Amino acid sequence: SDAICNFVICNDSSLRSQPIIFNPDFFVEKLRHEKPEVFTELVVSNITRLIDLPGAELAQLMGEEDPKLPGANSTASGFFRSLMSLKRKEKGVVFGSPLTEEGIAQVSQLIEYLHKNLRAEGLFRVPGNSIRQQILKDALNSGTDIDLDSGDFHSNDVATLLKMFLGELPEPLLTHKHFHAHLKIADLTLFDEKGNKTSTPDKERQIEALQLLFLILPAPNRSLLKLLLDLLYQTAKKQDKNKMSAHNLALMFAPHILWPRNVTANDLQENITKLNNGVTFMIKHSQKLFKAPAYIRECARLHYLGSRAHTSKDDLDLLTSPGSKELQPLKSQKRSRLDTCHQEETQQRTEEALKELFRHVHNMPDSAKKKKLIRQFNKHSTALTPGSDVPTSPAPRRTRSRSFSGLIKRKVLGTPVILERKSRDATPEPERVSKENVHLLQKCGSPAHMSQAKLKSLEGRREESCRRMRAHLLSKDSSSL
């Protein structure tokens with residue numbers, strides 16, 4: 001955390017108004033400069049996860065052994081090798097010398113000029129004037145100021161001189177150590193459902209492998225490579241004007257940035273297609289290749305925050321970050337709250353849908369179908385009626401009437417009345433309420449919502465009225481007799 005604070009907080013009042021630039025690769029670059037061995041081990045361990053490098057090729061990538069390049073022991077085309085070697089012996093301050101920051105600063109003038117003149121047809125393919133090129137080359141070697149916008153030089157002169165600069169470097173821009181790794185990256189293809197390799201390139205793995213490989217390039221090589229690939233990417237975007245596609249540009253630059261020095265096309269043989277296609281791929285995806293993979297950034301960040309540093313993407317996926325055990329209860333509580341909210345939201349939506357469906361059924365014309373649907377609604381206690389907050393109770397069953405007229409009929413026909421014994425032996429059910437008490441029930445609410453005490457009181461009143469009516473009838477019968 002101290003490293004982050006020191007990086008972000010500025011104590012200079014004159015600079016506080018300036019926007020803060022956040023560099024996601026800050027810890028990656030910090031680890032590269034402060035602990036290069038740890039950084040190289042971290043990156044190489046992930047490269048070997050993607051491509052298969054035998055012991056000798058891995059040692060060459062790490063710089064532990066001298067690269068074994070094609071054509072090194074061959075005597076063919078010796079004349080061409082000696083000719084190219086003689087050209088590189090004429091070293092200047094910029095041309096023919098090992099890559100330095102000073103050389104990149106001089107060459108960047110050429111790149112900046114070409115960005116303004118990308119519409120020239122046949123750019124990088126049509127050669128320029130040799131005399132103007134020599135004048136420009138001498139000026140760059142001497143370090144004198146050059147005004148490329150004066151009109152004294154053509155864009156083809158500048159483009160040819162840029163290729164000449166790359167071709168005269170002691171080793172290719174992508175270095176001899178990385179040569180075999182680039183051949184393996186070109187072989188990364190997708191697998192079918194049965195696990196067999198196909199001929200379709202695996203672009204995602206190729207991009208990831210190139211990102212890792214570019215991380216361990218020397219800093220000057222990586223800086224110039226980024227400038228160059230960005231220029232070629234912009235050139236290919238204007239191929240409708242300059243007639244130079246990404247593949248055409250790769251044919252022009254692969255021998256200068258990827259082919260080993262002092263080799264010819266005969267030495268490479270079947271690898272030429274791989275190398276050309278590899279450079280084409282770099283040009284097309286140049287905007288993604290100079291970003292460190294997310295797991296490398298995370299490993300570098302964790303390294304400086306005092307936590308356990310992971311060595312590969314697999315380790316980062318398997319192991320939890322520091323303090324995750326303490327955060328597990330909080331995560332579970334948050335997850336439970338989210339689940340509860342989700343359930344409540346689902347329940348609310350369900351209730352609203354049921355209410356809407358009930359309204360639709362209620363507005364239907366009277367028919368047998370409507371009655372059937374309403375009965376189905378009443379069967380389910382969870383279905384809410386419109387405007388109600390509680391589930392509707394099942395409709396009471398229709399029972400035999402126990403009205404006063406019924407009592408009179410049973411008396412006249414000689415049916416014994418045993419209401420007193422029934423009232424003593426059993427508690428009256430809410431469904432068995434006579435029609436005479438309907439007006440009272442409507443005032444008090446439905447039987448499903450009445451308390452047991454109210455039901456007993458109501459039934460008692462009814463029984464009392466029945467006894468009085470029975471006594472009155474008996475007295476009239478005896479008088480008549």
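Which whole-number percentage describes the relative contact order of region 92-170, with Cα contacts under 8 Å and a sequence gap of 6 or more?
Working: 73 pairs, mean separation 39.8, N = 79.
Once divided by the residue count of region 92-170, the mean separation gives 50 percent.
Longer than 21 Å from Cα to Cα, which of K194/K274; K163/K284; K116/K274; K30/K284 are they? Say none if no pair is. Where the Cα-Cα span goes over 21 Å, the pairs concerned are K194/K274; K116/K274; K30/K284.
Sorting the Cα pairs of region 225-266 by distance into bins of 5 Å, from 0 upward, gives 6, 21, 28, 20, 12, 10, 4, 0 percent per bin. Charges were assigned to the Cβ only: +1 to each Lys and Arg, -1 to each Asp and Glu. The resulting dipole of region 92-170 about its Cα centre is roughly 360 debye. With R₀ set to 30 Å, the beta-carbon distance separating E193 from R49 gives a calculated FRET efficiency near 0.85. Expressed in Å, the radius of gyration and Dmax of the Cα atoms of region 92-170 are 11.7, 32.
Farthest towards the positive end of the charge dipole of region 92-170, among the residues S108, F153, L123, is the Cα of L123, using unit charges on the Cβ of Lys, Arg, Asp and Glu.
Computed over neighbours whose Cβ is under 14 Å from that of L289, the net charge equals +3, Lys and Arg +1, Asp and Glu -1.
As a fraction of the 1.4 Å probe accessible area of region 92-170, surface on carbon and sulfur atoms comes out at 50 percent.
Counting only protein heavy atoms and using a 1.4 Å probe, the accessible area of K184 comes to about 60 Å². With each label modelled as a point 7 angstrom along the Cα→C-beta vector, the K243-K184 pair spans 4.1 nm. Summing +1 for each Lys or Arg and -1 for each Asp or Glu among the other residues whose beta-carbon sits under 13 angstrom from that of T144 gives -2. Count Lys and Arg as plus one, Asp and Glu as minus one, and take only other residues whose Cβ is under 11 Å from that of Q106; the net charge is then -2. The share of C-alpha pairs in region 198-252 whose separation exceeds 16 Å stands at 59 percent.
Provide the gained length on full extension for the span E41 to Q376, in nm with one decimal, where the gain is 0.36 nm per separating residue minus the Cα-Cα distance. Each step should come with its number before you reach the end.
Details: separation 335, 0.36 × 335 = 120.60 nm, distance 7.12 nm.
That works out to 113.5 nm of additional length.
The values are calculated or read from the model by the stated rules, or taken from the named source; none is laboratory data. Just so you know, these numbers come straight off a predicted model, no measurement behind them. Cβ sites come from the backbone with ideal geometry, for glycine too, and all protein chains shown count toward neighbours. Note: accessible area is taken over every heavy atom of the protein model, side chains too, but ligands, DNA and RNA are not part of it. Shrake-Rupley method; radii C 1.70, N 1.55, O 1.52, S 1.80 Å.
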